[in-house]
Structure formats: C-alpha cells, structure tokens
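Enquirer: This is the structure I have questions about; it appears just below.
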Amino acid sequence: MSRLILFNKPYGVLSQFTDAGTTGSPRKTLSDFINVPGVYAAGRLDQDSEGLLVLTDDGQLQNRISDPKFKQPKTYWAQIEGLPDDAALQALRSGVVLKDGKTAPAKAESIPEPENLWPRDPPIRFRKSVPDSWISLTITEGRNRQVRRMTAAVGHPTLRLIRAQVGDWRLGELRPGEWRPIAV
C-alpha cells in the first residue's frame with residue numbers, strides 16, 4: 001500500500017530533504033518537518049512559495065502528480081500587486097506568452113483574501129500607494145516559476161504565492177509545517 005502525505009510547506013523551506021546548496025548557511029528542508037523514510041515530493045514548490053506539497057513513496061503516483069503530460073490541476077492563491085481588470089484575468093484564462101512559449105489556458109478569478117490565512121514570516125512588503133489583491137489561478141503545467149511569470153506578464157507581480165490544491169487534495173486546515181497522512 002502506498003503512503004501519501006499532505007504537507008503545508010512554509011515560506012523559505014526547500015522542497016527536498018537535503019540542502020545541497022552552496023549558500024554558506026544551511027537552509028530549512030523537508031527533513032526539518034517530516035521524519036518518514038522513503039517518501040519524496042511529487043513536484044515542488046519554490047523556496048519563496050508556500051502551501052500544499054504532496055509526498056509519496058509510490059514512484060508511479062509521484063510521476064502522475066508531477067509530470068505535466070498528466071495535466072494534474074494545481075490551484076494557487078496569489079497575492080498580487082494592483083487590482084486586476086477583466087482583460088488581465090482573461091489573458092490568464094487564454095494563456096500568456098512567456099519567454100519559453102505560451103502557457104496553456106488557466107482558470108483565473110479574483111478572490112477575497114483566503115480565510116484563516118497565516119501570517120507570512122517575513123511579511124510581504126506593504127506600499128500605501130500600490131494596492132494589492134488576491135487571485136485564484138489553476139494551471140495544468142508545471143513550468144519553472146510559472147504562476148509568478150504569468151501574473152507579471154499581465155502587469156500584476158506576485159507578492160505571495162500559496163498552493164491550495166493539487167488534483168483532489170486540498171491544503172485544508174493544515175498550518176505551516178504541519179502534515180498529515182492520507183489513505184490511498
């Protein structure tokens with residue numbers, strides 16, 4: 001029987017169990033939070049992104065979750081600079097041209113700040129003269145820093161990025177650094 005773990009990856013944590021970087025000081029990794037042998041992240045979240053990370057010990061399941069050919073939807077909450085108009089949201093829905101080609105169409109909508117949202121440490125920068133807002137964006141690809149590049153391409157740079165859902169698995173009530181096993 002496969003093991004599956006849902007983890008709320010905090011900001012600043014690497015999506016791997018070891019830090020092979022050369023930053024001089026060790027960075028936090030999954031091993032600082034999860035002591036379950038044999039599980040690996042199915043996909044990844046950048047160090048400066050937060051939220052749902054799925055881990056499993058099943059290589060086939062890991063591939064189905066992370067390989068773009070399976071088009072596993074992933075939903076993100078993005079706090080962005082400015083207030084997106086209908087044209088910006090429609091551009092995200094139609095696909096945005098990036099340096100590495102046009103993205104697949106996404107589901108995009110303005111949302112209120114997510115309920116029960118934890119404070120980020122460090123907090124995002126606040127500017128009185130530039131409002132911020134939240135959008136929900138669901139993509140089926142997994143390009144490097146894709147959501148951040150998409151929002152920037154439509155004129156609304158991402159300030160904070162939280163993955164809320166992968167396929168049918170949701171972040172739910174997990175707080176940063178918490179994880180729970182799921183029956184598969």
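The values are calculated or read from the model by the stated rules, or taken from the named source; none is laboratory data. Not measured: the values here are computed from a predicted model. Backbone-built Cβ (ideal geometry, glycine too); neighbour counts: all protein chains shown.
Enquirer: Take the residues of segment 134-168 that are more than 16 Å from Arg120 (Cβ to Cβ) and of a type in the set (Ser, Thr, Tyr): which is surrounded by the most Cβ atoms within 10 Å (Cβ to Cβ)?
Expert: Residue satisfying both the conditions and the ranking: Thr151.
Enquirer: Restricting to segment 18-53, what's the tally of residues that are surrounded by 15 or more Cβ atoms within 10 Å (Cβ to Cβ), among the hydroxyl-bearing types (Ser, Thr, Tyr) and modelled with pLDDT under 90?
Expert: 0
Enquirer: On to the next question. Within 22 Å of Leu53 (Cα to Cα), surrounded by fewer than 19 Cβ atoms within 10 Å (Cβ to Cβ) and in the same structural domain as Arg93 (by TED's automatic domain parsing): does that describe Arg175?
Expert: no
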